[in-house]
Amino acid sequence: MITRSAAWGICTALMMTLSVLTAASPDGYYKSVDSKQGFTTSIIAVYTYDQMVYGRIIVAFDEEDGTYIESYQSPVSSISIGNKRHFLVEIDLFFGLKKNGSRYTGGKVVDVKNGNIYGAQIWRESGDLILRGMLGPFGMKYRFCKAVEKDFPPFVRIPRLDSFVPYTL
(Lines give C-alpha, C1' and ligand atoms only; values in the text may rest on other atoms or scores of the structure.)
Protein backbone atom coordinates (compact mmCIF):
# COMPACT_ATOMS: atom_id res chain seq x y z
CA MET A 1 0.00 0.00 0.00
CA ILE A 2 1.32 3.44 -0.95
CA THR A 3 1.29 6.13 1.70
CA ARG A 4 -0.23 9.51 1.01
CA SER A 5 3.17 11.24 1.09
CA ALA A 6 4.65 8.66 -1.34
CA ALA A 7 1.73 9.16 -3.72
CA TRP A 8 2.18 12.94 -3.47
CA GLY A 9 5.89 12.54 -4.22
CA ILE A 10 5.18 10.38 -7.28
CA CYS A 11 2.59 12.90 -8.57
CA THR A 12 5.01 15.79 -8.04
CA ALA A 13 7.80 13.95 -9.89
CA LEU A 14 5.47 13.14 -12.80
CA MET A 15 4.28 16.74 -13.03
CA MET A 16 7.87 18.03 -13.01
CA THR A 17 8.83 15.53 -15.73
CA LEU A 18 5.85 16.56 -17.86
CA SER A 19 6.64 20.26 -17.48
CA VAL A 20 10.27 19.67 -18.53
CA LEU A 21 9.16 17.62 -21.56
CA THR A 22 6.56 20.23 -22.54
CA ALA A 23 9.02 23.12 -22.13
CA ALA A 24 11.47 21.42 -24.49
CA SER A 25 8.89 21.02 -27.25
CA PRO A 26 9.07 23.56 -30.10
CA ASP A 27 5.31 23.24 -30.72
CA GLY A 28 3.50 26.56 -30.94
CA TYR A 29 2.94 29.59 -33.14
CA TYR A 30 5.81 31.71 -34.41
CA LYS A 31 6.13 34.73 -36.66
CA SER A 32 8.82 35.96 -39.02
CA VAL A 33 9.50 39.67 -38.74
CA ASP A 34 11.02 42.06 -41.30
CA SER A 35 14.35 43.03 -39.74
CA LYS A 36 14.32 46.61 -41.09
CA GLN A 37 10.71 47.70 -40.72
CA GLY A 38 9.55 45.40 -37.90
CA PHE A 39 6.29 44.10 -39.37
CA THR A 40 5.22 40.46 -39.45
CA THR A 41 5.75 38.64 -42.77
CA SER A 42 4.33 35.22 -41.84
CA ILE A 43 2.94 33.15 -38.99
CA ILE A 44 3.77 29.47 -38.79
CA ALA A 45 2.32 26.64 -36.73
CA VAL A 46 4.94 24.22 -35.42
CA TYR A 47 3.45 20.85 -34.52
CA THR A 48 4.51 17.31 -33.69
CA TYR A 49 3.08 14.32 -35.51
CA ASP A 50 4.33 10.76 -34.95
CA GLN A 51 7.32 12.07 -32.96
CA MET A 52 8.46 14.29 -35.84
CA VAL A 53 8.25 18.08 -35.99
CA TYR A 54 6.66 20.06 -38.83
CA GLY A 55 6.17 23.77 -39.48
CA ARG A 56 3.39 25.14 -41.68
CA ILE A 57 2.79 28.70 -42.83
CA ILE A 58 -0.76 29.53 -41.75
CA VAL A 59 -0.82 33.31 -42.40
CA ALA A 60 1.16 35.21 -45.04
CA PHE A 61 1.70 38.96 -45.24
CA ASP A 62 3.23 41.07 -48.00
CA GLU A 63 7.02 41.20 -47.56
CA GLU A 64 7.12 44.81 -48.80
CA ASP A 65 4.60 46.43 -46.47
CA GLY A 66 3.23 43.77 -44.09
CA THR A 67 -0.36 43.80 -45.39
CA TYR A 68 -2.38 40.60 -45.12
CA ILE A 69 -2.29 38.33 -48.20
CA GLU A 70 -3.74 34.97 -47.20
CA SER A 71 -4.33 32.36 -44.53
CA TYR A 72 -4.91 28.64 -44.39
CA GLN A 73 -8.65 29.47 -44.42
CA SER A 74 -8.43 31.24 -47.78
CA PRO A 75 -5.31 30.18 -49.74
CA VAL A 76 -4.28 32.29 -52.73
CA SER A 77 -0.55 31.92 -53.55
CA SER A 78 0.91 28.75 -54.95
CA ILE A 79 4.44 27.52 -55.48
CA SER A 80 5.96 24.85 -57.70
CA ILE A 81 7.74 21.97 -56.04
CA GLY A 82 9.02 19.48 -58.55
CA ASN A 83 6.45 19.43 -61.35
CA LYS A 84 3.43 20.11 -59.11
CA ARG A 85 1.82 23.32 -57.80
CA HIS A 86 0.83 23.62 -54.13
CA PHE A 87 -0.86 26.34 -52.13
CA LEU A 88 1.76 28.07 -49.97
CA VAL A 89 -0.37 27.78 -46.83
CA GLU A 90 -1.14 24.07 -47.24
CA ILE A 91 2.42 22.70 -47.37
CA ASP A 92 4.79 22.16 -44.48
CA LEU A 93 7.62 24.68 -44.71
CA PHE A 94 9.81 22.25 -42.81
CA PHE A 95 9.12 18.60 -42.09
CA GLY A 96 10.40 15.29 -40.77
CA LEU A 97 12.59 16.67 -37.96
CA LYS A 98 13.48 14.32 -35.09
CA LYS A 99 14.72 15.22 -31.63
CA ASN A 100 18.50 14.97 -31.37
CA GLY A 101 19.70 16.39 -28.04
CA SER A 102 18.59 20.03 -27.82
CA ARG A 103 17.93 20.26 -31.58
CA TYR A 104 15.59 18.67 -34.08
CA THR A 105 17.52 17.39 -37.09
CA GLY A 106 17.31 15.18 -40.17
CA GLY A 107 14.42 17.01 -41.77
CA LYS A 108 13.85 19.10 -44.86
CA VAL A 109 12.87 22.71 -45.58
CA VAL A 110 11.16 24.11 -48.68
CA ASP A 111 12.52 27.35 -50.14
CA VAL A 112 9.24 29.15 -50.84
CA LYS A 113 10.87 31.42 -53.42
CA ASN A 114 11.94 28.63 -55.80
CA GLY A 115 10.47 25.34 -54.50
CA ASN A 116 13.88 23.77 -53.84
CA ILE A 117 14.19 21.44 -50.86
CA TYR A 118 17.17 21.48 -48.50
CA GLY A 119 18.26 19.77 -45.31
CA ALA A 120 16.96 21.38 -42.12
CA GLN A 121 17.28 21.56 -38.38
CA ILE A 122 15.56 23.66 -35.73
CA TRP A 123 16.19 24.63 -32.13
CA ARG A 124 14.93 27.07 -29.53
CA GLU A 125 17.06 30.04 -28.52
CA SER A 126 15.83 32.58 -25.95
CA GLY A 127 12.21 31.61 -26.67
CA ASP A 128 12.63 32.06 -30.43
CA LEU A 129 12.68 29.26 -32.98
CA ILE A 130 15.77 29.02 -35.17
CA LEU A 131 15.45 27.25 -38.53
CA ARG A 132 18.61 26.37 -40.40
CA GLY A 133 18.33 25.31 -44.03
CA MET A 134 21.41 23.46 -45.29
CA LEU A 135 23.01 22.42 -48.53
CA GLY A 136 26.01 20.32 -47.55
CA PRO A 137 28.15 22.31 -45.10
CA PHE A 138 26.55 25.63 -46.11
CA GLY A 139 23.37 27.02 -44.66
CA MET A 140 21.21 29.96 -43.70
CA LYS A 141 19.48 30.65 -40.41
CA TYR A 142 16.03 32.17 -39.94
CA ARG A 143 14.66 33.41 -36.63
CA PHE A 144 10.99 33.11 -35.75
CA CYS A 145 9.66 34.95 -32.69
CA LYS A 146 6.85 33.56 -30.55
CA ALA A 147 3.48 34.68 -31.97
CA VAL A 148 0.61 35.68 -29.72
CA GLU A 149 -3.10 36.09 -30.42
CA LYS A 150 -2.81 39.80 -31.32
CA ASP A 151 -0.36 38.89 -34.13
CA PHE A 152 -3.15 37.11 -36.02
CA PRO A 153 -5.56 39.12 -38.18
CA PRO A 154 -8.88 39.32 -36.27
CA PHE A 155 -10.74 37.35 -38.96
CA VAL A 156 -8.30 34.39 -38.94
CA ARG A 157 -9.24 31.57 -36.59
CA ILE A 158 -6.20 30.23 -34.72
CA PRO A 159 -6.11 26.49 -35.50
CA ARG A 160 -5.48 23.86 -32.86
CA LEU A 161 -2.00 22.39 -33.19
CA ASP A 162 -3.33 18.87 -32.78
CA SER A 163 -5.52 19.34 -35.88
CA PHE A 164 -2.55 19.32 -38.27
CA VAL A 165 -1.57 16.28 -40.33
CA PRO A 166 1.61 16.34 -42.45
CA TYR A 167 1.15 17.37 -46.07
CA THR A 168 2.67 14.96 -48.57
CA LEU A 169 4.57 16.64 -51.41
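The values are calculated or read from the model by the stated rules, or taken from the named source; none is laboratory data. Everything numeric here is computed off the predicted structure, so don't read it as measured data. Here the Cβ is made from the backbone with ideal geometry for all residues, glycine too, and neighbour counts use every protein chain on show.
Y167 fulfils the conditions (1) touching a Lys or Arg at 6+ places or on another chain (Cβ under 9 Å); (2) under 13 Å from Y29 (Cβ atoms); (3) in a loop (DSSP other than H, G, I, E, B) except for a single criterion, (2). Is it the case that V109 is within 19 Å of Y30 (Cα to Cα), in a strand (DSSP E or B) and either among the β-branched types (V, I, T) or in contact with a Cys (Cβ under 6 Å, 6 or more places away or on another chain) (or both)? It is true that V109 is within 19 Å of Y30 (Cα to Cα), in a strand (DSSP E or B) and either among the β-branched types (V, I, T) or in contact with a Cys (Cβ under 6 Å, 6 or more places away or on another chain) (or both).
For V76, the stated conditions do not hold, so it cannot be described as of a type in the set (A, V, I, L, M), surrounded by 13 or more Cβ atoms within 10 Å (Cβ to Cβ), under 26 Å from R160 (Cβ atoms) and touching a strand residue (DSSP E or B) at 6+ places or on another chain (Cβ under 6 Å).
Among D151, D111, which is within 15 Å of I57 (Cα to Cα) and touching a residue at least 24 places away in the same chain (Cβ under 8 Å)? Result of the check over D151, D111: D151. Evaluation of T168 against the conditions (1) modelled with pLDDT under 95; (2) in contact with a strand residue (DSSP E or B) (Cβ under 8 Å, 6 or more places away or on another chain); (3) of a type in the set (V, I, T) shows that the sole unmet condition is (2). Within region 94-102, does at least one residue satisfy the condition of being in a strand (DSSP E or B), closer than 26 Å to S35 by Cβ and of a type in the set (S, T, Y)? The answer is no, given that none of the residues of region 94-102 is in a strand (DSSP E or B), closer than 26 Å to S35 by Cβ and of a type in the set (S, T, Y). Among the numbered conditions (1) touching a Gly at 6+ places or on another chain (Cβ under 9 Å); (2) over 13 Å from P166 (Cβ atoms); (3) among the acidic types (D, E), the only one that D92 does not meet is (2). The test for being in contact (Cβ under 8 Å) with a residue 24 or more places away in the chain, among the β-branched types (V, I, T) and surrounded by fewer than 21 Cβ atoms within 10 Å (Cβ to Cβ) holds for I81. Counting only strands (runs of 3 or more DSSP E) that sit wholly inside region 1-90, those with at least 3 residues that are under 30 Å from S126 (Cβ atoms) and modelled with pLDDT of 95 or more are 28-33, 40-49, 52-61, 68-71. The sole residue among V165, V156 that is surrounded by fewer than 14 Cβ atoms within 10 Å (Cβ to Cβ) and touching a residue at least 60 places away in the same chain (Cβ under 8 Å) is V165. Residues of region 115-147 that are surrounded by 10 or more Cβ atoms within 10 Å (Cβ to Cβ), outside any strand (DSSP E or B) and touching a residue at least 12 places away in the same chain (Cβ under 8 Å): G115, A147.
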